[in-house]
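See structure below.
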Amino acid sequence: MNNNQIIAKIFNEIADALEFLGDNPFKIRAYRTAANVIEGLVEDISVYIQRNEKIYGIGEDLREKIIEFLRTGKIKKHEELLSKIPKGIFEIMNIPYVGPKTAKLLYEHFGVDSIEKLKNILETGALLKIKGFGLKKIENIKKGLELYQKLSQRFPIGEVYNDIINFKNYLSSIDGIEKIEIAGSFRRFKETIGDVDILILSKRDVSDDILKHPRIKEILAKGETKISFLYGLSNNKLIQIDIRVIDEKSWGSALMYFTGSKEHNIQMRDLAIEKGYKLNEYGLFKDEMYIAGKSEEEVFDKLLIQYIPPEIREARGEIELAKQFKIPKLIDFNDIKGDLQVHSRYSDGVMDFWEIEAEALKMNYEYVAITDHSKSLKVAGGMDIEDLLKRNEEIKKFNRNSKVKLLISAEVEILNDGSLDYPDEILKNLDLVLASIHNVKKDEDITQRYLKAMDNPYVDIIAHPTGRLVLSREPYKLNLDELFKKASERKIILEINAHYNRLDLNDLNILKAKQYGVKFSIGTDAHNRNGFYMMIFGVKMARKGLLTKEDVINSLSLIELLEYIKFCREYRIKQFASSNK
Ligand SMILES: [Zn+2]
């Protein structure tokens with residue numbers, strides 16, 4: 001959150017608290033108005049304060065509080081109120097249809113100070129006995145609670161990706177809409193997403209057409225330049241979508257502004273100032289004169305810097321790189337020649353080889369690695385050696401007449417002592433060995449397990465290295481620097497697992513690993529036909545990690561890939577031999 005958002009939130013919380021305590025309505029309204037004004041400011045509030053500029057809607061008293069915040073990072077009045085009111089009450093006041101007055105009644109009569117208690121009291125029917133609670137109101141609270149629970153969450157981006165793309169396709173079918181772009185964290189491909197910003201360019205008012213969509217559950221705002229609503233996702237949850245209508249002249253600058261990140265935008269704005277311009281969502285200006293803004297490219301050009309791809313606009317030094325024209329050509333989906341983690345019926349997948357080939361052809365691939373689980377992973381149908389050998393023969397037979405080459409591979413468990421789940425005689429006959437850890441004891445540090453496993457010369461790839469699951473499981477305890485260092489020394493490839501629940505390695509870890517000189521593979525971990533499309537998520541993560549096609553082995557042709565794997569294995573075997581002399 002930037003200053004404007006934080007201060008607006010604080011002011012709203014103060015207003016909620018005052019209302020809960022039954023304070024003066026004018027005072028309460030002053031806080032709410034100010035919060036609204038601040039949220040709508042184009043520039044950071046500190047800029048107005050520095051320029052000593054009057055802000056319409058904010059009086060002296062609240063201006064003092066803003067200055068206090070900018071100086072100390074908090075507001076004393078806010079802290080005081082927070083200490084007076086149970087924390088859960090603020091959450092309850094935020095539920096649609098509840099608000100401070102109802103929250104107060106609920107607290108006074110039933111001691112409701114948490115969502116849990118509210119749920120319980122709604123079930124008992126006791127509310128009806130209280131003045132001010134009719135059937136209608138209770139229904140509304142229930143509805144509000146449902147909305148709140150569906151909304152107060154972020155999603156793994158991949159979980160909502162197709163829904164959003166489908167909605168974008170719906171927009172493009174509406175007559176009169178000339179341009180559509182999904183901005184915000186979606187365009188930057190942040191691994192989680194809270195809401196969606198869509199920009200449109202349209203010659204006529206299309207709001208009614210947009211709002212006809214059957215998945216729109218609740219309209220929050222409908223104005224000339226902005227439409228907001230709650231949209232029903234395939235996972236039965238709701239996400240807020242804001243659609244903004246943009247002028248042609250401002251299309252590029254608005255797209256930059258709403259793509260963010262906030263920190264990146266602040267740095268871009270500073271760069272513009274440095275060069276004698278002013279940059280905001282309406283365009284690039286010199287002394288109030290419009291200079292550029294129709295397209296993003298135009299704005300970057302005028303600022304004399306390289307175009308910055310949206311995925312890397314995270315204020316991680318990309319503007320410096322752009323100034324020196326040193327942003328590399330990032331890997332693109334079209335560079336990908338195959339998928340390097342797919343599971344078949346031989347373990348816990350549901351596809352036979354023909355189905356895998358059919359999907360691979362749709363993706364224009366040359367090859368797919370069949371990476372069924374090894375014997376110890378019983379829960380995932382791990383193959384014993386007999387099954388594995390039988391499967392390998394089947395793959396060989398299949399490859400004789402196939403358009404897509406299936407690589408004889410396996411996702412082999414790294415056991416507790418760091419040894420591999422198959423003996424070397426078996427591993428050496430696989431085209432590609434993925435090694436991974438699925439079972440970790442509580443608080444176990446798995447660094448040594450990895451390091452030991454990486455001494456095996458047949459380990460080509462470490463799959464989903466950190467084991468994290470987006471929003472649901474923390475990464476394993478692990479010294480990543482040691483992993484990256486050893487991977488680089490041993491020419492062991494690290495996977496970018498493209499499954500939306502994993503995205504592992506993630507962008508930050510990719511950036512770090514690349515500094516060690518590590519190479520990467522991308523695998524979707526597909527277990528069924530719907531899994532293949534997730535390659536795009538892996539590519540997006542790779543782009544966020546500043547990878548080029550040279551960093552990613554899936555961009556090699558089949559022959560190049562097999563040669564590269566062979567080269568790395570021989571390198572490791574030699575290394576092993578010399579260290580044992
Ligand atoms: Zn796995």
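Residues in the range 171-199 that are in contact with a Phe, Trp or Tyr (Cβ under 7 Å, 6 or more places away or on another chain) and farther than 20 Å from Gly538 by Cα: how many?
Total meeting the criteria: 4.
Return the residue satisfying two criteria in turn: it lies in the range 466-483 and is among the hydroxyl-bearing types (Ser, Thr, Tyr) and within 15 Å of the ligand (Cβ to nearest atom), and of such residues it is farthest from the chain's Cα centre (by Cα).
The selected residue is Tyr476.
So Pro457 fits all but one of (1) closer than 24 Å to Val518 by Cβ; (2) touching a residue at least 60 places away in the same chain (Cβ under 8 Å); (3) within 16 Å of the ligand (Cβ to nearest atom); what number is the exception?
So Pro457 meets the others, but not (3).
One line per residue, one yes/no per condition, for (1) within 28 Å of Tyr257 (Cβ to Cβ); (2) in the same structural domain as Tyr257 (by TED's automatic domain parsing); (3) at pLDDT 90 or above:
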{"residue": "Ile14", "(1), (2), (3)": "no, no, yes"}
{"residue": "Tyr31", "(1), (2), (3)": "yes, no, yes"}
{"residue": "Glu39", "(1), (2), (3)": "yes, no, no"}
{"residue": "Glu53", "(1), (2), (3)": "yes, no, no"}
{"residue": "Tyr56", "(1), (2), (3)": "yes, no, no"}
{"residue": "Lys65", "(1), (2), (3)": "yes, no, yes"}
{"residue": "Glu79", "(1), (2), (3)": "no, no, yes"}
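Run down Asp208, Asp270 and say which single residue is surrounded by fewer than 21 Cβ atoms within 10 Å (Cβ to Cβ), under 30 Å from Asn506 (Cβ atoms) and of a type outside the set (A, V, I, L, M, F, W, C).
Answer to the selection: Asp270.
Does the range 523-567 hold any residues that are among the hydroxyl-bearing types (Ser, Thr, Tyr) and crowded, with 19+ Cβ neighbours inside 10 Å, and which are they?
Thr524, Ser555 - these are the residues of the range 523-567 that are among the hydroxyl-bearing types (Ser, Thr, Tyr) and crowded, with 19+ Cβ neighbours inside 10 Å.
Can you go through Leu494, Leu432, Leu427 and tell me which one is touching a strand residue (DSSP E or B) at 6+ places or on another chain (Cβ under 7 Å) and under 15 Å from Val518 (Cα atoms)? Step through it out loud before you land on a result.
Numbers: Leu432 fails: under 15 Å from Val518 (Cα atoms); Leu427 fails: under 15 Å from Val518 (Cα atoms).
The match here is Leu494.
Working only within the range 180-218, note down all residues that are assigned to a loop (DSSP other than H, G, I, E, B), hydrophobic (A, V, I, L, M, F, W, C) and on the phi < 0 side of the Ramachandran plot. Full working, then the answer.
Of the range 180-218, the ones assigned to a loop (DSSP other than H, G, I, E, B) are 183, 189-191, 194, 203-206, 212-215.
Pick out the ones that are also hydrophobic (A, V, I, L, M, F, W, C) and you get 183, 189, 206.
Matches in the range 180-218: Ala183, Val206.
In the range 79-124, what residues are in contact (Cβ under 8 Å) with a residue 40 or more places away in the chain and among the hydrophobic types (A, V, I, L, M, F, W, C)?
Leu81, Leu82, Ile85, Ile89, Phe90, Met93, Ile95, Val98, Ala103
So, in the range 93-139, how many residues would count as being part of a loop (DSSP other than H, G, I, E, B), within 17 Å of Gly22 (Cα to Cα) and β-branched (Val, Ile, Thr)?
Residues flagged as part of a loop (DSSP other than H, G, I, E, B), within 17 Å of Gly22 (Cα to Cα) and β-branched (Val, Ile, Thr) within the range 93-139 amount to 1.
So, in the range 435-452, exactly how many residues are within 16 Å of the ligand (Cβ to nearest atom) and out of contact with any strand residue (DSSP E or B) (no Cβ under 6 Å at 6 or more places or on another chain)?
Qualifying residue count for the region: 5.
Yes/no per residue for (1) closer than 23 Å to Lys262 by Cβ; (2) surrounded by fewer than 20 Cβ atoms within 10 Å (Cβ to Cβ); (3) out of contact with any helix residue (DSSP H, G or I) (no Cβ under 9 Å at 6 or more places or on another chain):
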site	(1), (2), (3)
Pro156	yes, no, yes
Tyr161	yes, no, no
Ile165	no, yes, yes
Lys179	no, yes, no
Gly184	yes, no, no
Ile200	yes, no, no
Leu220	yes, yes, yes
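From the list Phe26, Phe20, Phe11, which one is hydrophobic (A, V, I, L, M, F, W, C), surrounded by fewer than 18 Cβ atoms within 10 Å (Cβ to Cβ) and outside any loop (DSSP other than H, G, I, E, B)?
None of the other options fit; the residue is Phe26.
Return the residue satisfying two criteria in turn: it lies in the range 59-97 and is among the hydroxyl-bearing types (Ser, Thr, Tyr) and surrounded by fewer than 15 Cβ atoms within 10 Å (Cβ to Cβ), and of such residues it is farthest from Ile6 (Cα to Cα). Spell out the reasoning first.
Kept after step one, since they are among the hydroxyl-bearing types (Ser, Thr, Tyr), are these residues of the range 59-97: 72, 83, 97.
The next check asks that each one be surrounded by fewer than 15 Cβ atoms within 10 Å (Cβ to Cβ); those that pass are 72, 83.
Details: Thr72: 13, Ser83: 19 Å.
My answer is Ser83.
Hey, can you tell me all the residues within the range 484-516 that are among the hydrophobic types (A, V, I, L, M, F, W, C), farther than 21 Å from Asn162 by Cα and within 18 Å of the chain's Cα centre (by Cα)?
Hits for the range 484-516 are Leu505, Leu508, Ile510, Leu511.
Checking the conditions here, which among Ala487, Ala463 is away from the ligand (no atom under 16 Å from the Cβ), of a type in the set (Gly, Ala, Ser) and under 16 Å from Leu434 (Cα atoms)?
Only one candidate passes the filter, namely Ala487.
Just to be sure I understand, how many residues within the range 535-554 are assigned to a helix (DSSP H, G or I) and farther than 19 Å from Leu406 by Cβ?
Number satisfying all stated conditions: 12.
Please name all residue pairs, on different chains or six or more residues apart, with Cβ atoms under 7 Å, provided the first residue is in the range 556-581 and is more than 16 Å from Leu427 (Cα to Cα) and the second residue is acidic (Asp, Glu).
Cβ pairs passing all conditions: Ser557/Glu366; Leu558/Glu366.
Working carefully through the options Asn416, Asn392, Asn399, find the one that is away from the ligand (no atom under 16 Å from the Cβ), over 21 Å from Asn554 (Cα atoms) and in contact with a strand residue (DSSP E or B) (Cβ under 9 Å, 6 or more places away or on another chain).
One residue alone meets the criteria, Asn392.
Before we move on, is Glu411 within 16 Å of the ligand (Cβ to nearest atom), at pLDDT 95 or above and in the same structural domain as Arg502 (by TED's automatic domain parsing)?
Yes; evaluated as a whole, the condition is true for this residue.
Can you find a residue that is under 27 Å from Glu357 (Cβ atoms), within 25 Å of the chain's Cα centre (by Cα), crowded, with 21+ Cβ neighbours inside 10 Å and not basic (Lys, Arg) anywhere in the range 436-443?
Within the range 436-443 (the criterion being under 27 Å from Glu357 (Cβ atoms), within 25 Å of the chain's Cα centre (by Cα), crowded, with 21+ Cβ neighbours inside 10 Å and not basic (Lys, Arg)), the answer is yes, since at least one residue qualifies.
Report, ordered by the first and then the second residue, all pairs with beta carbons closer than 6 Å, sequence separation of six or more or different chains, a first member in the range 220-247 that is touching a residue at least 40 places away in the same chain (Cβ under 8 Å) and within 20 Å of Arg204 (Cβ to Cβ), and a second member that is outside any strand (DSSP E or B) and among the β-branched types (Val, Ile, Thr).
Here the result reads Val245/Thr225, each pair linking the range 220-247 to a residue that is outside any strand (DSSP E or B) and among the β-branched types (Val, Ile, Thr).
Looking for something within 16 Å of the ligand (Cβ to nearest atom), of a type in the set (A, V, I, L, M, F, W, C), crowded, with 16+ Cβ neighbours inside 10 Å and under 22 Å from Ala526 (Cα atoms) - is there at least one such residue anywhere in the range 419-428?
No: zero hits.
How many residues are aliphatic (A, V, I, L, M) and touching a Phe, Trp or Tyr at 6+ places or on another chain (Cβ under 9 Å) when one looks only at the range 1-29?
7
Against the definition (of a type outside the set (S, T, N, Q) and surrounded by 20 or more Cβ atoms within 10 Å (Cβ to Cβ)), how does Ala369 come out, yes or no?
When the stated conditions are applied, Ala369 passes them.
Looking at the range 514-534, which of the residues that are part of a loop (DSSP other than H, G, I, E, B) and farther than 15 Å from Pro156 by Cβ is farthest from the ligand (Cβ to nearest atom)? Talk me through it step by step, then tell me what you get.
As a first pass, look at the range 514-534 and keep what is part of a loop (DSSP other than H, G, I, E, B): 516-519, 524-525, 527-528.
Next, only the ones that are farther than 15 Å from Pro156 by Cβ stay: 516-519, 527-528.
Numbers: Tyr516: 23, Gly517: 25, Val518: 19, Lys519: 20, His527: 10, Asn528: 15 Å.
Result: Gly517.
The values are calculated or read from the model by the stated rules, or taken from the named source; none is laboratory data. Given the structure is predicted, the values throughout are model-derived calculations rather than measurements. With ideal geometry, Cβ positions are generated from the backbone for all residues, glycine too; neighbour counts draw on all protein chains shown.
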